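Just so you know, all these numbers are worked out from the coordinates, no wet-lab data involved. What you see is a predicted model, and the numbers here were worked out from it, not measured in a lab. Neighbour counts are summed over all protein chains in view; Cβ atoms, including those assigned to glycine, are modelled from backbone coordinates with ideal geometry.
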Amino acid sequence: MAKGGGLWYNGHSQTKRKGCAAIKLFQTAIEPRCAYCARGRELDPGQIVCPKKGVMSAGSHCGAFRYDPLKRVPPRPAKLSTANLNEEDFKL
């Protein structure tokens, strides 16, 4: 996958094609980290074994970074604070 690109899905294949409506599945600007690099393997929590650089910190990266969306755990969504809401907030 090219830098700055993304994974596209148009209902038939996972590529962007002319004339097809496509939905973007992943962000295009993912900050590179060894924790979700396709080349790296987890050694210990916080340590990744890279075939290019050896043992690396999970937060670091190198020029051989290849994004693997299945390794990335997205941040948890913020909880909704309902303490300040009342019945009038939901009336039209």
R0 of 25 Å, Cβ-Cβ distance Leu80-Ala29: FRET efficiency to nearest 0.05: 0.40
3J(HN,Hα) from dihedral phi, the stretch 42-57, Karplus parametrisation 6.51/-1.76/1.60, rounded to Hz, x for glycine, proline: 6, 9, 9, x, x, 10, 10, 9, 9, x, 8, 10, x, 6, 10, 6
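Largest first and in whole Å, give the semi-axes of the stretch 31-73's equivalent ellipsoid, each being the square root of 5 times a Cα gyration tensor eigenvalue.
Working: eigenvalues 34, 27, 15 Å².
Each semi-axis is the square root of five times an eigenvalue, giving 13, 12, 9 Å.
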Mean Cβ count within 10 Å, highest first, over the residues of peptides 83-91, 42-50: 42-50, 83-91
